[in-house]
1. Mind telling me which of the residues V25, V4, V37, V80 ends up being more than 15 Å from the chain's Cα centre (by Cα), under 18 Å from A174 (Cβ atoms) and surrounded by 19 or more Cβ atoms within 10 Å (Cβ to Cβ)?
2. Is the stretch 104-117 home to any residue that is in contact with a strand residue (DSSP E or B) (Cβ under 9 Å, 6 or more places away or on another chain), under 21 Å from Q154 (Cα atoms), within 13 Å of the ligand (Cβ to nearest atom) and part of a helix (DSSP H, G or I)?
3. Which is more than 15 Å from the chain's Cα centre (by Cα) and not in a helix (DSSP H, G or I), of Q160, Q56?
4. Among the residues of the stretch 7-22, what is the count of those that are surrounded by 22 or more Cβ atoms within 10 Å (Cβ to Cβ), within 12 Å of the ligand (Cβ to nearest atom) and over 18 Å from N85 (Cβ atoms)?
5. Restrict the check to the stretch 145-154 and report whether at least one residue is within 16 Å of the ligand (Cβ to nearest atom), touching a residue at least 60 places away in the same chain (Cβ under 8 Å) and surrounded by fewer than 21 Cβ atoms within 10 Å (Cβ to Cβ).
6. Search the stretch 6-18 for residues that are free of Cβ contacts under 8 Å to residues at least 60 places away in the same chain and pair each with any residue that is more than 8 Å from the ligand (Cβ to nearest atom) and in a loop (DSSP other than H, G, I, E, B) when their beta-carbon atoms are under 8 Å apart and the residues are at least 6 apart or on different chains.
7. Out of (1) touching a residue at least 60 places away in the same chain (Cβ under 8 Å); (2) out of contact with any Asp or Glu (no Cβ under 7 Å at 6 or more places or on another chain), the odd one out for I184 is which?
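Coordinate-derived values only; no laboratory data. It should be emphasised that the depicted structure is a prediction, and the values quoted were computed from it without experimental measurement. Don't worry about glycine lacking a Cβ; one is built from the backbone with ideal geometry, like all the others, and counts go over all protein chains shown.
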Amino acid sequence: MTAVRPLKLVTLLGSLRKGSYNAAVARALPALAPDGVEVLALPSIRDLPLYDADVQAEGFPPAVIALADQIRAADGVLIVTPEYNYSLPGVLKNAIDWLSRVPEQPLAGKPVAIQTASMGVIGGARCQYHLRQVLVFLDCQVLNKPEVMIGAVQNKVDAQSGELTDEDTRKFLAGQLTSFAAFIRRVS
Ligand SMILES: Cc1cc2nc3c(=O)[nH]c(=O)nc-3n(C[C@H](O)[C@H](O)[C@H](O)COP(=O)(O)O)c2cc1C
């Protein structure tokens, strides 16, 4: 049997909220990953300043460089985010805007999978399509399917522990991770 290449994935979280449901989804991923796939959290995007070309001209903020370095070192990125007003949260767009300006742009050619969780029934679908459009400009390789859109997420996270306990959702996430690992091994 041929050994499969081990993979390191990193999660980029689009919510800053302490009790974030999307954070609960992201926290569940390491245990759901198939053998040979490690999932680690990127630093919070909370510490990134608002994008400003004048700030960039004085030097990229250390938090941006750290984020870019960790993305560059990963085999793939999982973006886990809520939908805000039918689109991606401003804080996530801000992080992507910074990353897009870093020399040797870290997301170029990078395999990316998207997961959205929201309290609405559509599970963040409209955010996903805006986000996909943005990622075209960054030249990412985005996994098409399975699409992970977790609706009514408040009913799938345990109110006491704050952890994602819904078994069907956990299985679906595990399935996407398996597909994403196969996709990465195929395209990179
Ligand atoms: C500014 C704002 C805009 C929102 N817009 C949407 C939306 O367009 N679609 C949706 O399903 N939920 C929307 N919501 C509700 C979010 O799904 C909900 O707050 C969710 O818990 C946010 O994710 P988090 O728990 O990971 O922070 C919005 C929430 C906020 C604060």
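1. Within the list V25, V4, V37, V80, the selection yields V37.
2. no
3. None of the others qualify; the one that does is Q160.
4. Matching residues across the stretch 7-22 total 1.
5. yes
6. Correct list of pairs: P6/G36.
7. (2)
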